Amino acid sequence: PDATMEDCGKLDIILVPGGQGTRAEVKNGKLLAWIAQTAAGCQWITSVCTGALLLAAAGPAKGRRVTTHWGFIEQLRARNEAAEVLENVRYVQDGNVVTAAGVSAGIDMALWLVGQIDSPAFARTVQRAMEYDPAPPYAGAV
């Protein structure tokens, strides 16, 4: 990495990733404090997959509408930190907090965010450049 939590400076956007590590990190007080402190100065606070567990535990997603990976919807609901945990959606925006359901939903969220920061036209250019035109196998078969 180019910086550590201690010396990264002010961020415009924070993206909290998900993955198996979130199960343990949801109890990491130092990390949760850093997320809370850093998020306070961010224009956008985002997560992908189970990163929403960390955003809720740290505070930025408390009382907000959020989503997470389908396999962790009930776990996030059981924490009683979010106002509402939505399922069967790709991403959810509540103010400056945006949570994505999973990895490919995170791409959708990131492109939406590019459209908010720059313009929808630029987001479409980024989408085309990376050839992101989802047609899942089997569902996209002709």
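If you take the residues of the range 110-127 that are out of contact with any Leu (no Cβ under 7 Å at 6 or more places or on another chain) and either part of a strand (DSSP E or B) or of a type in the set (S, T, N, Q) (or both), which of them is nearest to A36 (Cα to Cα)?
Only one residue fits best here, namely Q116.
Scan the range 20-33 residue by residue and report those that are open to solvent by 20 Å² or more (accessible area, probe 1.4 Å) and either under 28 Å from G115 (Cβ atoms) or not hydrophobic (A, V, I, L, M, F, W, C) (or both).
Hits for the range 20-33 are Q20, G21, R23, E25, K27, N28, G29, K30.
Six or more apart or on different chains, Cβ atoms under 7 Å: show the pairs whose first residue is in the range 96-119 and closer than 20 Å to L54 by Cβ and whose second is of a type in the set (S, T, N, Q) and open to solvent by 40 Å² or more (accessible area, probe 1.4 Å).
N96/Q43
Kindly check whether there is at least one residue in the range 102-109 that is over 26 Å from R124 (Cβ atoms) and part of a loop (DSSP other than H, G, I, E, B).
So far as the range 102-109 goes, no, none of its residues is over 26 Å from R124 (Cβ atoms) and part of a loop (DSSP other than H, G, I, E, B).
Scan the range 96-142 for residues that are open to solvent by 40 Å² or more (accessible area, probe 1.4 Å), under 30 Å from A40 (Cβ atoms) and of a type in the set (G, A, S) and jot them down.
Answer for the range 96-142, where residues must be open to solvent by 40 Å² or more (accessible area, probe 1.4 Å), under 30 Å from A40 (Cβ atoms) and of a type in the set (G, A, S): S104, A110.
Do we find a residue being surrounded by fewer than 16 Cβ atoms within 10 Å (Cβ to Cβ), without any contact (Cβ under 8 Å) to a residue 40 or more places away in the chain and either assigned to a loop (DSSP other than H, G, I, E, B) or within 10 Å of the chain's Cα centre (by Cα) (or both) anywhere in the range 43-58?
No, that holds for no residue.
Report, ordered by the first and then the second residue, all pairs with beta carbons closer than 9 Å, sequence separation of six or more or different chains, a first member in the range 120-135 that is within 12 Å of I107 (Cα to Cα), and a second member that is in a helix (DSSP H, G or I) and open to solvent by 80 Å² or more (accessible area, probe 1.4 Å).
A123/Q116; A123/I117
Output yes when any residue across the range 1-13 is of a type in the set (A, V, I, L, M) and open to solvent by less than 20 Å² (accessible area, probe 1.4 Å), and no when none is.
no
Just checking, how many residues over the range 67-95 are surrounded by fewer than 17 Cβ atoms within 10 Å (Cβ to Cβ) and either aromatic (F, W, Y) or in contact (Cβ under 8 Å) with a residue 60 or more places away in the chain (or both)?
1
Please name all residue pairs, on different chains or six or more residues apart, with Cβ atoms under 7 Å, provided the first residue is in the range 24-36 and is in contact (Cβ under 8 Å) with a residue 24 or more places away in the chain and the second residue is among the acidic types (D, E) and in a helix (DSSP H, G or I).
Pairs found: L31/E25.
The values are calculated or read from the model by the stated rules, or taken from the named source; none is laboratory data. Small disclaimer: the values here were computed from a predicted structure and weren't measured. Positions of Cβ are backbone-derived with ideal geometry, glycine not excepted, and every protein chain shown enters the neighbour counts. Note: accessible area is taken over every heavy atom of the protein model, side chains too, but ligands, DNA and RNA are not part of it. Shrake-Rupley method; radii C 1.70, N 1.55, O 1.52, S 1.80 Å.
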